[in-house]
Amino acid sequence: MGLDFTPLIQSISALRRSIAETIPLLSSLSPAMAETVKAGIIQHFEVAYEQCWKAMKFCR
């Protein structure tokens, strides 16, 4: 049984897309909306981090 990297790849892709789409627009958002968007990006990071951690634990 091999390790399926699909969830890890998808979570990293989602993080990259959210950062790439947000950086140019962040300064034009209201403070409350910017905070909400940042929270979403942090959530994408947390998911990617967890997927990385699971992959590393499996490879030990």
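Any read-out appearing in this document is the output of simple, stated calculations on the displayed coordinates, not a laboratory observation. Values in this document were obtained by computation on a predicted structure and should not be read as measured data. Heads up, the Cβs are rebuilt from the backbone with ideal geometry, glycines too, and the neighbour counts pull from every protein chain shown.
Data overview
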read-out	value
Point-to-point label distance, Leu3-Phe58, nm (Cα→Cβ direction, 7 Å offset)	0.8 nm
Difference of contour (0.36 nm per residue) and Cα-Cα distance, Ile23 to Gln43	5.6 nm
Least to most buried among Thr36, Thr22 (fewest other Cβ within 10 Å first)	Thr36, Thr22
Scattering curve values for the chain, log₁₀ I(q)/I(0), Debye with Cα scatterers, q = 0.12, 0.27 Å⁻¹	-0.37, -1.04
